Structure formats: C-alpha cells, structure tokens
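Notes to accompany the following structure.
All of the numbers you see were taken from the coordinates with simple rules; none came from a lab. Keep in mind that what you see is a predicted model, and the values were worked out from it rather than measured. With ideal geometry, Cβ positions are generated from the backbone for all residues, glycine too; neighbour counts draw on all protein chains shown.
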Amino acid sequence: MSFKNTFINGAEGLFKSDSLTQIQKIVLRFVVVGLVFYAFAVIEGMLMRIYAVDSIPFISTDQYFAILTAHPLVGIFGSTYALVFGAFLFLTPYLMKKPLYSVKLANWALILLTSGVLLFWIAGFISHYAPLYTLYWPLPADFSQFSVWGGTFFILGIAILMVGTLFFIINIFKTIVYTPEGWEKQPAAALFGSAIGYTGLKNMFAKKENKKEHLVPLPVAAIARGTVDMVLNTGIILFTGVLILVFMLASILGFDLKETAIDALLYKNWFWWGLDLIADGLVLIFVAGTWYLLATMITGKKLFMQNIARAALLLELVVSWTVWSHHLLSDQAQPAILKVLSGEMVTAFELITQGLAFFIVLATLWSARPLKMTNPLKFLLGGLLGFALAVPAGIMQADVGLNRILHNTQWIVGPHVHVAVLVGLTMTLYAAVYILFPIVTNGAKLYSQKLANIHFWFHLIGGIGMGAFMGMAGLNGMLRRTLYLDGEFNTYMILAAISGSLLLIAFLVFFYNIVMSIGLKGVIGIFTPSKLSTKELLPE
Amino acid sequence: MVDSNLVLWGQTIAYTFYCLVIILVMAWFAYKITKTGKGNKVKPALFYTFVGFLTVLGVSLHIITYNTIPWTPVDLNRGDYTPDKTFEITVANHEFFLPAEKLVIDCNDLVLFDVTSNDLTYGFGVFREDNSMVFQMQVVPGHRNDILWQFDNPGIYTIRSTEYSGPRGIFMILKDAVEVLPCEGS
C-alpha cells in the first residue's frame with residue numbers, strides 16, 4: 001500500500017469504522033481525547049523544561065506559572081481520566097459479560113470531561129490563573145495576583161469535569177449491579193458487596209462452609225474499589241470548587257470575604273485528604289487491577305495468589321483514606337501523632353500493597369514461561385519498573401526527618417511524581433491500549449512494530465532519565481514551583497530537558513503509528529454515529 | 001548535629017544503589033520469561049517472605065531515621081528543648097521581615113525560628129552558598145510555625161521561601177541573611 005493510501009485508509013485497510021458498535025466508538029473517542037490531552041501535557045511539559053533552563057521570549061513568568069497549573073490537571077484529568085474512563089467503560093461490561101448500563105451516560109461523561117478540561121485550560125491560558133493544581137490556595141483566595149474572572153471560569157471547568165466524572169461513576173456501579181432487559185433478576189446487593197470488598201471481608205471471618213463465592217471478577221473489583229475513592233475525591237473537589245467560587249463571586253459583587261477566612265491548616269488537611277485519594281488511592285488501585293488483568297490476558301493463566309490480591313485491593317482502599325498527612329510533614333502546626341501515624345506508618349503500607357501487587361504480577365508471568373515479548377508485555381514490565389522506582393522514593397520523602405530536606409524540592413516531582421505517572425502509570429495504560437487495540441477496533445493491525453519499539457525505549461529512557469536528573473537537582477537543593485533566574489541548576493535542567501524531548505518524540509512516534517494503523521478516514525469515522533443499534537459491546 | 005548534607009549524601013547512595021539493582025532485576029526477569037526453564041511455579045513461602053521483608057523495611061526506615069537523623073526527635077519534641085536563641089520572623093505581602101538585618105548565630109547554638117505569616121501560605125528555608133538546602137518548613141497563616149535547628153558549620157546562609165505563593169513568590173530570597181560564627185577551637 002502506498003503511504004497516501006495507508007494514511008487515508010489505515011494499515012492494510014483493515015480498520016472499518018462502520019463495523020464499530022456504539023460502545024466501541026465511545027471507547028475510541030475517549031482514547032482520542034485522552035491522547036490529544038496527553039499531547040497538550042507533553043508539549044506543556046517540554047516548554048517548562050526549556051523555561052527551567054532559560055526564559056522563552058513569548059512566555060511571560062505569569063504564563064509559565066499558568067502552564068505549571070494547567071499541566072498536571074490536563075495530564076491527570078484530561079488524559080489519564082479519559083483513557084481510564086474509556087478502558088473501564090469497555091472492560092466492566094466485557095468482564096461482567098453484560099451490556100453497559102447507559103451509552104448515553106458514557107457519551108455525556110466524554111462531553112463533560114472534554115469541555116471541562118478545555119474550559120479550565122483556556123481560562124488559565126488567557127487569564128494566567130495559577131493557584132496551582134491543588135486549587136489549594138489557602139482561603140481567602142488571593143485576588144491581587146490573579147483575575148477573579150479567570151479563576152471563576154477555571155473553577156467552572158473543574159466543576160463540569162467533576163460532573164462528567166460522576167456520570168462515569170454511576171455508569172460503572174450501575175453496570176455491575178443492574179439487570180439488563182430480558183435477563184433473570186441480578187442480585188444487586190451481593191454484586192455490590194463483592195465489588196467493593198464486603199464479601200471478601202466477611203469471608204475472612206466466616207467458617208469454610210459459609211464462605212461466599214466472589215460474584216465479580218478481580219479486575220472489576222479493582223475498578224469498583226478505585227471508583228469508591230473517585231466518588232470521595234470528586235465530592236471533595238466539587239465542594240472545594242464551590243467554596244472557592246463563593247469567594248470569587250463575592251469579590252465580583254464587591255464583597256471581600258477575607259475576614260471570614262477558613263483556617264488554612266484545616267483547609268490543607270481537608271484538601272489533601274481528598275486529593276490524595278487520587279494519587280495514593282484510585283491510581284494505585286486502578287493500576288494494580290490493570291496489572292492483574294494484563295497478566296492474566298498475556299499469560300492466559302489464573303492470577304497467582306488471587307485471594308490475597310483481592311484482599312490487598314481492599315487494604316489499599318482503606319490505606320488511601322488514611323495517608324494524607326504525609327503531605328503535611330513540614331507543617332509545624334500539624335499534630336505530631338498525625339505526622340507519625342498517618343504520614344509515616346500508614347504510608348509505609350503502600351510499599352507493602354504495591355510491592356505485593358508487583359510480586360503477584362511477576363509470579364503470574366513467570367508461571368507462563370516462555371512468553372513472547374509483545375508490546376503489552378514490554379509496556380507492562382515498564383509500568384512495573386516505574387512503580388518499583390517511584391514508590392520507594394515516595395516512602396523516603398514520607399519520613400519526618402527526610403521530609404525536612406526534601407519537601408517541595410525537585411526530588412518530589414522528579415523520581416516520585418513523574419516516574420510514577422509517566423513510567424509507572426502511563427506505560428501501564430499503553431500496555432492496556434496495545435492489548436485492547438485489536439479488540440476494540442475489530443482486528444485493525446498495528447502499522448509498524450519498529451515504531452512501537454521506538455515508542456517503548458524512548459518513553460522508558462526519557463521518563464526515568466527526566467526523573468533522575470530532576471531528583472539529582474532536588475537533592476542539591478533545587479525547589480519545585482519556582483524559577484532560578486541565574487541558572488543555578490542548569491546542568492541538571494538541560495539533561496532533564498533532553499530526557500523530556502525523548503518523551504515527546506516517543507509520543508509523536510506512537511501517535512503517528514496509531515493514525516497510520518486506523519487511517520484518517522478511521523479517525524473521522526470514530527466520531528460519526530454508529531450504524532449498529534445493538535447495545536452489545538462487540539458486533540455479533 | 002549531623003549536617004543535612006551528609007544525610008542527603010547517604011540517601012543518594014542508598015537510592016542510586018537500589019535503582020541500579022531493581023533495573024537489573026527487571027532486565028534479567030524480562031530476559032528470563034522469554035526462555036523455557038524449570039520451576040515455573042512460585043512457592044507461596046517466597047511470596048510471604050517478600051511481604052514480610054517489605055513490612056520490616058517500611059517500618060524500620062522510620063525507626064532508623066528517628067535514631068540517626070538528629071533533628072527528627074528534636075522536631076517532634078521541640079517543646080522539651082530550651083533554645084539558645086530565638087528569631088521571630090514575619091512574612092507578609094511576599095516579603096520576609098527579620099528582627100535584624102543579619103541573623104548572627106554562634107556555632108552549635110540551638111536556634112528557634114518562629115515564623116508568622118500575615119496573609120498567605122509561604123515556606124521558610126535556609127540554604128547554603130552552593131544553593132543546597134539546610135532545612136525548610138511551611139509557614140501557614142493563623143498558626144505557629146517554629147523550627148529548632150543547631151548549626152555546627154560556620155558560614156553564610158540564604159533564606160528563601162520554599163512554598164509557591166504565586167509568581168511573586170520567586171523573589172522571596174534574602175541572600176546572606178544568616179551568619180554562623182566560627183566554632184570555638186576551629
């Protein structure tokens with residue numbers, strides 16, 4: 001096939017968008033949106049890497065901090081949430097062997113997520129609103145540095161995104177428990193109990209003959225438990241957004257609520273509790289669940305120690321509710337008991353829960369030797385390595401003594417955050433994309449294996465390299481969320497920027513490979529209505 | 001008190017060693033699973049040993065640091081100590097207000113920095129001349145933000161905000177604001 005023909009019709013013309021069901025189209029729309037927002041995040045990241053070395057003429061300092069604010073939000077909510085929503089809206093019904101509860105709700109989740117992210121991104125871009133991704137601007141909000149109108153639209157975007165998230169949550173839980181039309185009545189309460197871990201917990205204390213079987217497959221249990229954290233953090237972010245919006249609307253109407261300030265430390269605790277449900281909650285649970293699914297799909301074998309794996313998912317959920325204080329180890333007014341118990345000891349459990357998931361996946365893969373080094377397998381191993389590097393880095397900084405010299409340095413955001421997100425999480429998601437690609441496209445063929453290999457190595461080396469150089473800068477005292485105008489850490493920042501450019505190249509190679517696989521016609525076809533009226537996941 | 005540079009050096013060595021080991025283990029694993037081999041089944045005993053090892057590791061890290069990093073017990077029990085010197089510092093409108101132009105400290109003195117914010121959340125960090133960090137803490141409005149520190153290395157130090165407080169925060173630097181006098185006998 002000629003280049004032009006492949007570009008228009010995809011590799012060997014195998015991808016036919018007309019053959020896609022409604023749900024396949026929604027999943028692929030989520031993937032496209034997720035990848036476009038990933039491109040936003042990577043380009044923003046690259047601009048910031050260059051800016052950390054030297055200023056860029058067309059970017060002011062205010063714009064830089066607006067990018068710094070939008071970057072993690074676009075990365076997590078715009079890209080990761082979109083990919084996760086798409087994957088789980090497909091996998092939950094696929095593994096439960098029943099149709100998705102509502103196609104309409106799934107479509108609305110996509111529309112709200114996309115429009116919410118675009119709205120806050122544009123608001124930040126135009127107004128330079130930059131209280132940073134936590135939104136935790138100790139109330140009362142500071143309007144001397146930021147436009148109140150910019151902030152209002154920014155928060156509105158976040159709120160719209162959170163409503164879309166709620167639609168996703170409802171769809172997932174309803175899909176697990178509902179009875180499809182014409183089916184025998186499903187045991188909703190028992191299904192719900194199995195999904196969130198109540199059945200497993202009861203089994204631990206029941207006699208052998210009274211133990212109940214798990215009604216929900218293990219990856220669905222992971223999806224459900226991670227979604228519990230999503231419910232909680234969505235509520236907190238929504239509430240916090242409304243709270244900030246009250247201050248902003250008051251300011252627009254000419255009232256100053258400064259004197260009614262909410263306690264800054266209480267607010268920090270509240271917000272970190274909610275936000276940590278993403279970083280130390282649903283991300284870790286979803287990732288563990290995805291690892292388990294990938295390991296069983298790659299090997300075709302049962303998961304090693306699967307009952308322990310199921311119990312660990314519940315433990316991880318409980319742990320995620322109690323670890324927030326590691327973000328406040330440098331807050332001197334935070335009670336010492338919270339620093340030691342929640343900040344240090346409970347946080348150390350994440351080493352155990354993630355380590356346990358790591359071991360279970362490796363043991364499952366080992367049991368199926370010899371395996372072919374396919375794209376899903378190599379990206380899964382990359383994802384495992386990412387967390388093996390990033391989790392211990394996190395445990396080290398979650399120490400009262402070490403936090404005193406690591407907090408808010410590049411160490412936090414390098415070896416911990418970026419290695420966890422870019423190498424651990426993103427490579428796991430890429431593994432899922434590669435393994436689900438032929439299923440959701442009805443047998444489309446990947447355009448080039450060579451490009452997939454380049455994607456893998458550039459992403460892995462770029463991600464680890466960037467984290468390492470940022471970490472070295474952090475250990476030498478370089479702070480995050482600031483600028484060094486005299487180039488004090490330029491050696492590390494230049495090396496981090498070179499590593500970052502590998503990540504950008506990796507993404508461009510991957511994007512090109514995917515577009516060439518399904519063709520321009522196919523990309524457009526994903527966004528046209530499905531010709532199949534079936535609610536089934538796959539065409540009959 | 002052990003210098004924080006020494007602690008950072010120890011951490012760098014330990015973490016770098018760990019990274020190299022885990023990367024090599026994963027490379028070895030990736031190679032081995034593509035080959036046939038005996039003993040495909042992993043024994044549960046190995047799994048439980050691994051979980052036990054992680055438990056010991058997770059808990060012992062904090063016990064070790066509590067007993068080896070001198071500022072940790074001082075920090076957690078700072079009410080029990082009497083400082084040799086106290087500096088009351090205020091922060092407002094993105095500016096530090098020190099009690100004197102330069103904070104002069106005798107070598108080995110236990111110093112209390114008591115920092116109050118009148119508006120936003122800031123950070124308070126002390127840095128060496130090579131830009132490496134001695135220590136830092138958050139400065140939260142409406143709360144007491146105090147830290148005890150013993151300086152046993154003479155020199156000139158810079159104060160810098162370690163928390164993002166908007167674009168104006170990048171200028172919150174007081175160069176050479178702290179001087180630790182030479183130690184006796186040195």
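Is it possible to state the helix-based mean residue ellipticity at 222 nm for chain A, with each DSSP H run of 4+ residues giving -39500 (n - 2.57), the sum divided by total residues, to the nearest 500 deg cm²/dmol? What is it?
-22000 deg cm²/dmol
In this structure the amide hydrogen of B:ILE89, modeled in the peptide plane, comes within under 5 Å of the amide hydrogens of B:ASP114, B:VAL115, B:THR116, none closer than 5 places in sequence on its chain.
Rounded to the nearest 20, the size of the Cβ-charge dipole of chain A about its Cα centre is 2000 debye, with Lys and Arg at +1 and Asp and Glu at -1.
Putting +1 on Lys and Arg Cβ atoms and -1 on Asp and Glu Cβ atoms, find which of A:ILE56, A:GLY477, A:VAL228 reaches farthest to the positive end of the dipole of chain A. The one lying farthest along the dipole's positive direction is A:VAL228.
Using equal-weight Cα scatterers in the Debye expression, the normalised intensity of region B:83-180 in log10 at q = 0.20, 0.22 Å⁻¹ is -0.96, -1.16. The antiparallel fraction among DSSP beta bridges confined to region B:83-180 stands at about 70%.
Here is the short version for chain B: B:CYS19 have no other Cys C-beta closer than 4.7 Å. For region B:57-157, the set of GluC sites (Glu not before Pro) satisfying both a DSSP loop assignment and a count of at most 16 other C-beta atoms within 10 Å is given as B:GLU101, B:GLU129. Restricting attention to region A:439-540, which trypsin sites (Lys or Arg not before Pro) occupy a DSSP loop and are surrounded by at most 13 other Cβ atoms within 10 Å? For trypsin sites (Lys or Arg not before Pro) across region A:439-540 that sit outside H, G, I, E and B with at most 13 neighbouring Cβ atoms in 10 Å, the list reads A:LYS531. Annotation: lysines with alpha-carbon distance below 28 angstrom to B:LYS85 (same-chain offsets under eight excluded): A:LYS339, B:LYS102, B:LYS175. When both bridge partners sit in chain B, DSSP labels roughly 70% of those beta bridges antiparallel.
Please go through region B:1-59 and write out the trypsin sites (Lys or Arg not before Pro) that DSSP classes as loop and that have at most 10 other C-beta atoms within 10 Å. Passing both the DSSP loop test and the Cβ count: B:LYS35, B:LYS38, B:LYS41. Past 26 Å, Cα to Cα: identify those pairs from A:LYS104/A:LYS185; A:LYS97/A:LYS212; A:LYS97/A:LYS521; A:LYS104/A:LYS521, in the order given. Violating the 26 Å Cα-Cα cut-off are A:LYS97/A:LYS521.
Centroid-to-centroid, using Cα positions, region A:285-363 and region A:7-67 are 30 Å apart. The aspartates and glutamates within cross-link reach of A:LYS268, meaning a Cα-to-Cα straight distance under 17 Å and a gap of 8 or more places when in the same chain, are A:ASP142, A:ASP276, A:ASP280, A:ASP331, B:ASP119, B:GLU163. In order along region B:141-156, the Karplus-derived 3J(HN,Hα) couplings, from 6.51 cos²θ - 1.76 cosθ + 1.60 at θ = phi - 60°, round to x, x, 9, 7, 10, 10, 9, 9, 9, 10, 9, 10, 10, x, x, 10 Hz, and Gly and Pro are given as x. Compared with the dominant Cα axis of chain B, that is its longest principal axis, helix B:4-32 is turned about 20°.
Modelled label positions at A:GLU536 and B:TYR66, each set 7 Å beyond Cα in the direction of Cβ, lie 6.1 nm from each other. Remark: the A:ILE122-A:LEU315 segment gains 65.5 nm on full extension, using 0.36 nm per residue and subtracting the alpha carbon distance. Amide H contacts under 5 Å for B:GLN150: B:VAL111, restricted to partners 5 or more places along the chain or on a different chain, H placed in the peptide plane at 1.01 Å from N.
So which helices of chain A fit the span-like rule, where a helix is a whole DSSP H run, its Cα atoms reach 18 Å or more along the axis, and its mean Kyte-Doolittle is at least 0.5?
Working: long enough: A:22-53 (47 Å, 1.55); A:61-73 (19 Å, 0.31); A:82-96 (21 Å, 1.95); A:103-127 (36 Å, 1.74); A:148-177 (43 Å, 2.04); A:218-252 (50 Å, 1.88); A:264-277 (20 Å, 0.32); A:283-299 (24 Å, 1.91); A:306-320 (21 Å, 1.18); A:347-366 (29 Å, 1.59); A:375-397 (33 Å, 1.25); A:426-440 (20 Å, 1.85); A:449-475 (39 Å, 0.88); A:490-526 (47 Å, 1.79).
Span-like helices here: A:22-53, A:82-96, A:103-127, A:148-177, A:218-252, A:283-299, A:306-320, A:347-366, A:375-397, A:426-440, A:449-475, A:490-526.
Estimate the FRET efficiency between B:TYR81 and A:VAL231 by the formula 1/(1 + (r/R0)^6), using the beta-carbon distance for r and 35 Å for R0, to the nearest 0.05.
Numbers: r = 45 Å, r/R0 = 1.28.
Efficiency computed from Cβ-Cβ geometry: 0.20.
A crude spin-label estimate for the pair B:THR34 and B:GLU179, with each label 7 Å from Cα along the Cβ direction, gives 6.4 nm.
Quick check on my link table: of A:LYS445/B:LYS41; A:LYS302/A:LYS378; A:LYS4/A:LYS378; A:LYS202/A:LYS302; A:LYS302/A:LYS372, which ones sit more than 27 Å apart, alpha carbon to alpha carbon? Pairs exceeding the cut-off: A:LYS445/B:LYS41; A:LYS4/A:LYS378. Across B:LEU112, B:LEU76, B:LEU174, mean-square fluctuation computed from a Gaussian network of chain B (C-alpha pairs under 10 Å connected) peaks at B:LEU76.
Where both partners of a DSSP beta bridge lie in the protein assembly as shown, what percent of those bridges are antiparallel, to the nearest 5? Counting DSSP beta bridges with both partners in the protein assembly as shown, the antiparallel share is about 70 percent.
Under a point-charge model restricted to the Cβ atoms of Lys and Arg (+1) and Asp and Glu (-1), what is the dipole moment magnitude of region B:83-180 relative to its Cα centre, in debye to the nearest 20?
Computed about the Cα centre, the dipole is about 300 debye.
The ranking of A:ILE454, B:ILE69 by Cβ neighbour count inside 10 Å, starting from the fewest, reads A:ILE454, B:ILE69.
Each label point was placed 7 Å from the Cα along the Cα-to-Cβ direction; for A:SER55 and A:MET297 their separation is 4.8 nm.
Which distance in Å, rounded to a whole number, links the C-alpha centroids of region B:112-176 and region A:82-106? Each part reduced to its Cα centre gives a spacing of 49 Å. Ordered by the count of other Cβ atoms within 10 Å of each Cβ, fewest first, A:MET427, A:MET396, A:MET1 give A:MET1, A:MET396, A:MET427. Centre-to-centre separation between the Cα atoms of region A:401-449 and those of region A:478-500: 22 Å. Rounded to the nearest 10 degrees, what's the angle between the helix B:44-68 long axis and the longest principal axis of chain B, both from Cα atoms, 0 to 90? Value to nearest ten degrees: 20.
Phi angles across region B:104-113 convert, under the Karplus curve 6.51 cos²θ - 1.76 cosθ + 1.60 with θ = phi - 60°, into 3J(HN,Hα) values of 9, 10, 6, 4, 6, 6, 8, 10, 9, 9 Hz, Gly and Pro given as x.
Please report the net charge: other residues with Cβ closer than 10 Å to the Cβ of A:ALA222, K and R +1, D and E -1. Surrounding charge for A:ALA222 is +1.
If R0 is taken as 25 Å, the Cβ-Cβ distance between A:ILE337 and A:SER115 corresponds to a FRET efficiency of 0.05.
Sorting A:104-113, A:294-303, A:272-281 by their mean Cβ neighbour count within 10 Å, with the most densely packed peptide first, gives A:272-281, A:104-113, A:294-303.
With the Kirkwood sum run over all distinct C-alpha pairs, the protein assembly as shown has a hydrodynamic radius of 26.9 Å.
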